[in-house]
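Only one structure is covered here, and it is reproduced in the block below.
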Amino acid sequence: MLLTRKASSNAAPQSRLSLAATSALAKTMDRRTFLKRSGIGVGAGAVASQLPFSMIDRAEAKEDEGKLEVKRTVCTHCSVGCAIDAVVQNGVWVRQEPVFDSPINLGAHCAKGASVREHGMTHDSHRLKYPMKLDGGKWKRISWDQAYDEISKKMLEIREKSGPDSLFVVGSSKHNNEQSELLCKWVRLWGTNNTDHQARICHSTTVAGVAQTWGYGAMTNSYNDEQNSKSLLFLGSNAAEAHPVSMLHTLHAKENGAKVIVADPRYTRTAAKADKYVRFRSGSDVPLLFGVLHHIFKNGWEDKKYIHDRVYGMDEVKKEVLAKWTPDKVTEATGTPEEDVYYIAKTLAENRPGFIIWAMGQTQHTNANAIVRASNILMLALGNVGRSGGGCNIYRGHDNVQGATDVGPNPDTLPGYYPVAVPGSWVHWARVWNVDLDWLKKRYASEAMMAKPGMTVSRWIDGVTEKNEAIDQDPNLRMIFFWGHAPNSQTRGSEMIEAMKKLDMMVVLDPYPSASAAMFAKVRKDGAYLLPIATQFETDGSATCSNRSLQWREKVIDPLFESRTDHMVMYQLAEKLGFGKEFIGQKGTGAPNIELVKGKGGMEPSMASVLKKEINGGCWTIGYTGQSPERLQAHMRNMHVFDVKTLKAKGGKDAKTGYDLTGDYYGLPWPCYGTDKIKHPGSPNLYDTSKAVMDGGGCFRALFGIEKDGVNLLAEDGSYPKGGEITTGYPQFDHVLLKKLGWWDELTDEEKKEAEGKTWANDISGGIQRVAMKHGCMPFGNAKARAVVWNFPDPIPQHREPLFSPRPDLVAKYPTHDDVKVFWRLPTLFKSVQQQAVKDDMAKKFPLILTSGRLVEYEGGGEETRSNPWLAELQQENFVEINPKTAADRGIRNGDFVWVSTPGRNGDGSNTKLKVKAQVTERVGPDTCFIPFHFSGWWQGEDMLPYYPEGAAPIVRGEAVNTATTYGYDRVTMMQETKTTLCNVAKA
Ligand code: SF4
C-alpha cells in the first residue's frame, strides 16, 4: 500500500536549473497537457521529499481524471535492488514512491533511485527518440524498417566475405535476465562467441577467483546479513556512494556493535562512517591482505578445526605468508604502518563472524585474480565463510550485472556457466532452445571456433586494430553492436576512437545514444546506426540483485517515443538475418518454445515464457530453476512477510494465487534448486552447513575432483549440511552415484528417462537434484574450498606490481607475468609493457598514481543519470581530487582547470590528457589523484556536443577518465586496469 496516496506540497526553494525548467513549462502548457506530457504533477510531493530541491508547485490532479494504477518495479541504477511503486495515470508515469515493505531498502532510496521516474518523461527528454544513422557526418532520422534493412544487408555482406567472427556484440547488465539469456542465444545463432558485457570489466576477476576457490562466483551472503555480523572490512568498496542504500544494513550492524574498517587509498564517504580508516598504496592489496594474515597465523588466531574440515592447501599458504609477508615487507609495499595492519588482524580475529566487502577497488587490477583470492583465503582462515554474519560480500554494480553474468552473453560460457569448450554444453542448450544442433554448428566458422572462447569487451579494440596474423581467428572484427554498453567505462579511450575509424559498422542500441555516438561522429562521416531502446520500466521481467535474489518488475509504461524493447529488436533483427524461427525455438510448423506477445512496434517474446522455458528449463548448474515467474511475482506482492535480517518468510499466503510463502527467502536467492514444484526456498547464505539443504543450507562445491596428489579434496567426516544422510564429503551427484546409493528408484519413470547418463547439472527433469535433496544432500557434492588453486598462473596468490608502477624498485622484486601470445584470441602484453615503463622512467615523468571510482549521483558510464535534470543539478562537472601539498607544489588552487596526463600508448601523454577542475583535498594522499569515471562528452578539452544527435546529449558532459587510462589486463580474465596507473597534473 502506498503511504501517500496523493501528495501536495509547497515548492522548496528552487535551483537555477529547475527554475529554468519550471518557467519553460509554465509558459506553454495547461495543467492537463502538463500532466500528460511530463507526468510530474501528482508525483511532486514524493520526489520533492526525496531531493533537496523541487521544480514543482502545488499539484492536485483528481483521481477521476484517469485510472490510477500502481506498478511495482525495481531501481535500475545499482545492484542493491531497491523496490519502487510507480503510479501511472492514463498511461503516464506520474509519481514514484519507495516501497516501505521491501526487506532490502526498507523505504529508502538514494538520489538515483528517487529520480528514476525521469526516464518516463516525454517533455525535454534527452533520450534517443527514433532510429538514426550517421550520414555525411550528421545524425539523420530514419525508420525502423530502413534501419533493419540496411543493418541486416551489411551484416550479411560482411558475413559472406569475412565469416561470423567479424562481429562483436557487447551486451549489457541493463538487460533483465530474460533479455540477457536471449541475447546470449542470439549471438550463438549468428554463429560466434564474440560477445561479452560489463561484468568482464567489473567483476570477472571476482567470478573467477571466488568460483575457483569454493564453487560459485557470487557474493556469499546478503546486504541484510551484515546485521548479523561483528566486523566489516571494506577493502575496495566505497558503498556509501556506489551502493548507498546498502549502508542501511552496514550502519545497523555498527549500531549493534560491529566494528567497521575501511582500507582504501582514498578517504571515502564510507571511510567517514568507519571505526577505523587505513590508507594503503593503490595496487598493493595482496601485501596488505597477507600482512593481516601474517598476524593471524603468527598469533594462532586461525580457525583450525574449520580449516581441517573444510579447506584445502591452507598449510602451504601459511608457510609462504609467514616467510614472505613479514611486517617490514608489508609496510615497504603498502606504505601502511605495521600497527594499522595488526589492528585489522586483531579486530577481525576478535569479532567473528565478519565480512570482507569489495567492489571495483579489488577487481579492476592487472593482478586482481590474486587479490580476490587473497581476500577469500583471509576469510577462510578466520572460518567466516559459510555462515550467517560472515563471508565475502561482493557488491555488484549495475542492477542486473549478477543476472547478466549468470545467464547472459559471455564469450566462454552459455547461460548458467556451461562452458563453450565442452561439447555437452551445446547438446544441453540446443535441446533447451529447441534448436537443431547440426544447424547450430554450421552457423559457426568451424566446430573449433564454436569451442573457442571469444574475445572480451575489454579488448574489442585490439580485435579491430591488431595485425591479422597475430589474432586467433580468421577475420579482424569489422562490426560492433553496443547493446546497452557505455564505451567510457572501458580503458584506453584514446585508442578506442582509432578502432572506430576502422570499423565497417557500429550499431548502438540504447535508450540514450551514449558516448559511442559522439565518439564515432567525431572521427567518421558514416557507418553507424542508433536504435532507440526501451528502459526496464517499459517492459517486465526479472533482475538479480547482488545478493542473488531475483525480483520481478511489472511494466510501468509503454516504450516511449519510437523505442522498442531489447527483446523485440532481437526478434525482429533475427527475422531479417534468417534465424527468427530458431530464436523463438520453432521447428517447422510446430509450436514455438517461447510465446510471442504483442508489444509496441510488433510481436515480442514473452518475458515470463523465457524465464520459465529457457532460464528455469536450462540453468540447473546455478539453481535458476526454482524461481518461476509465479513465485517471484508472489514475493513482490508480499514483501512485508520477509524478515529484514534473515530474508525468510515466517508465514503468509499470497492473496491473489494462494501460494504459501512460508519458509521462502526473499527473491529465492540462487541456487534455488529443482523445479518450482519442490519449493526449494533459495539460499540466503552460500555454503552454510548449519542449515538443511531444503532450508537453503549447503557446503562447498565438489568442482575440482575428489583428491589432489593424494590429498583429500572432499569435506572431512562430520562436516555436512544439517540433517544430511551422508555425514562426510561426497562428489557431485550423477546417475551413477544415485544408483550406487540405491536411490535411483526414487526417481519417477519420466525422471529416469531423462536422468540416465546425466549429472545433476544437465538432467533437465530435475530428478537427480530432487532425490539428492530429499536425502539432505547438496546436488553439487560436499568438498573443501581451495586455498591453493593449482590451475591459476599463481596457485598461491602473489603480489605483482601494476604495469605502470610508481615504484620501479618494487617492480624488480614483484614483476608482472610474462607476455602471452594468445589469450582470449589476442596477444596480450605484461612484462614488456612494465619493463618499457621502467626503462623510460615513466614513474619520474608521471609521478602520481591515477585512480578512479564512483560518485553517488551517477551510475556507470553515466549517460542516463547525467541526462536526468535532478541528478545533473547535483554534480555538474568532472574533477580531479588532488592533495593540498601536490597542488601547492604545482601552483594549483581549488577550482582551477588542470590538465591530467598519463603515459598512454606513445608514452608522452600527448594523446591521453584530460581537462578537469582541481578539487584540492586531503581525501587523497600526496602520491595519488582520483577522478570519477561516470563522465563523457568532452574529448581532451573539447566539448563534444556537436557530435551528439540533436536533443539527445546528456545535460552534464565532462572528460571521461578512461580516455586516458592505460594498457593492462588481468592474467586470468582480461579484466582491465582502472585503479592504478601513472599521471601528472599541471595547471591549464
Ligand atoms: Fe537503491 Fe542502488 Fe537504486 Fe540507490 S541506486 S535507490 S541504492 S538500487
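Quick note: the coordinates plus some simple rules give every number you see, no bench work behind them. Quick caveat: nothing in here was measured; it's all calculated off a predicted structure. Cβ: placed from backbone, ideal geometry, glycine included. Neighbour counts: every protein chain shown.
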Task: Check on LYS185, of a type outside the set (S, T, N, Q), crowded, with 21+ Cβ neighbours inside 10 Å and farther than 22 Å from ALA242 by Cβ - done: yes
TODO: Pick out the one residue from TYR665, TYR659, TYR673 that is surrounded by fewer than 24 Cβ atoms within 10 Å (Cβ to Cβ), over 30 Å from LYS129 (Cα atoms) and of a type in the set (Phe, Trp, Tyr).
DONE: TYR659
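Quick grid of which residues meet (1) buried (at least 21 other Cβ atoms within 10 Å of the Cβ); (2) among the polar types (S, T, N, Q); (3) within 20 Å of ARG971 (Cα to Cα):
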site: LYS318; (1), (2), (3): no, no, no
site: VAL321; (1), (2), (3): yes, no, no
site: ASP328; (1), (2), (3): no, no, no
site: LYS346; (1), (2), (3): no, no, no
site: PHE355; (1), (2), (3): yes, no, no
site: GLN362; (1), (2), (3): yes, yes, yes
site: ASN376; (1), (2), (3): yes, yes, yes
site: LEU380; (1), (2), (3): yes, no, no
Task: Residues located in segment 934-947, provided they are in a loop (DSSP other than H, G, I, E, B) and surrounded by fewer than 24 Cβ atoms within 10 Å (Cβ to Cβ) - done: GLN940, GLY941, MET944
TODO: Please specify each residue of segment 61-85 satisfying the condition of being of a type in the set (Gly, Ala, Ser) and more than 8 Å from the ligand (Cβ to nearest atom).
DONE: ALA61, GLY66, ALA83
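Residue by residue, here is whether (1) under 27 Å from the mean Cα position of the chain (by Cα); (2) part of a loop (DSSP other than H, G, I, E, B); (3) among the aromatic types (Phe, Trp, Tyr) holds:
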residue: HIS119; (1), (2), (3): yes, no, no
residue: THR122; (1), (2), (3): no, yes, no
residue: TRP139; (1), (2), (3): no, no, yes
residue: LEU156; (1), (2), (3): no, no, no
residue: ARG159; (1), (2), (3): no, no, no
residue: LEU182; (1), (2), (3): yes, no, no
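Here's the yes/no breakdown for (1) polar (S, T, N, Q); (2) within 16 Å of the ligand (Cβ to nearest atom); (3) under 21 Å from the mean Cα position of the chain (by Cα); (4) assigned to a helix (DSSP H, G or I):
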{"position": "TYR343", "(1), (2), (3), (4)": "no, no, no, yes"}
{"position": "LEU348", "(1), (2), (3), (4)": "no, no, no, yes"}
{"position": "ASN369", "(1), (2), (3), (4)": "yes, no, yes, yes"}
{"position": "ASN376", "(1), (2), (3), (4)": "yes, no, yes, yes"}
{"position": "LEU380", "(1), (2), (3), (4)": "no, no, no, yes"}
{"position": "ASN384", "(1), (2), (3), (4)": "yes, no, no, no"}
{"position": "ASN393", "(1), (2), (3), (4)": "yes, yes, yes, no"}
{"position": "ARG396", "(1), (2), (3), (4)": "no, yes, yes, no"}
{"position": "PRO411", "(1), (2), (3), (4)": "no, no, yes, no"}
Task: Residues located in segment 209-249, provided they are under 19 Å from PHE933 (Cβ atoms) and either within 14 Å of the ligand (Cβ to nearest atom) or assigned to a helix (DSSP H, G or I) (or both) - done: SER237, ASN238, ALA239, ALA240, GLU241, ALA242, HIS243, PRO244
Open item on the list: It is to be established whether one or more residues within segment 413-426 are assigned to a helix (DSSP H, G or I), in contact (Cβ under 8 Å) with a residue 60 or more places away in the chain and over 17 Å from ALA208 (Cα atoms).
Closed with: yes
Task: Residues within segment 86-110 that are within 23 Å of the chain's Cα centre (by Cα) and away from the ligand (no atom under 12 Å from the Cβ), tallied - done: 1
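Here's the yes/no breakdown for (1) in a loop (DSSP other than H, G, I, E, B); (2) small (Gly, Ala, Ser):
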site: GLN835; (1), (2): no, no
site: ILE849; (1), (2): no, no
site: GLY862; (1), (2): yes, yes
site: ARG893; (1), (2): yes, no
site: GLY904; (1), (2): yes, yes
site: GLY907; (1), (2): yes, yes
site: PRO926; (1), (2): yes, no
- [ ] Among residues belonging to segment 887-933 that are under 16 Å from ILE849 (Cβ atoms) and among the acidic types (Asp, Glu), point out the one that is surrounded by the most Cβ atoms within 10 Å (Cβ to Cβ).
- [x] ASP927
Open item on the list: Suppose we filter segment 556-585 for residues that are surrounded by fewer than 19 Cβ atoms within 10 Å (Cβ to Cβ) and within 10 Å of LEU182 (Cβ to Cβ); how many remain?
Closed with: 0
Task: Selected residue [on the phi > 0 side of the Ramachandran plot and either touching a Cys at 6+ places or on another chain (Cβ under 6 Å) or crowded, with 22+ Cβ neighbours inside 10 Å (or both)] from GLY484, GLY527, GLY463 - done: GLY484
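Let's see how each residue does on (1) touching a helix residue (DSSP H, G or I) at 6+ places or on another chain (Cβ under 7 Å); (2) within 28 Å of LYS613 (Cα to Cα); (3) of a type in the set (Phe, Trp, Tyr):
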position	(1), (2), (3)
VAL711	no, no, no
ILE726	no, no, no
VAL736	no, yes, no
ASP749	no, yes, no
GLY757	yes, yes, no
ALA761	no, yes, no
ILE768	yes, yes, no
Open item on the list: Based on this model, can you work out whether LEU855 counts as in a helix (DSSP H, G or I) and touching a helix residue (DSSP H, G or I) at 6+ places or on another chain (Cβ under 8 Å)?
Closed with: no
Open item on the list: Between a residue in segment 211-232 that is over 15 Å from ILE356 (Cβ atoms) and any residue that is surrounded by fewer than 24 Cβ atoms within 10 Å (Cβ to Cβ) and among the polar types (S, T, N, Q), which pairs come within a Cβ distance under 6 Å, given they are 6 or more apart or on different chains?
Closed with: ASN228/SER388
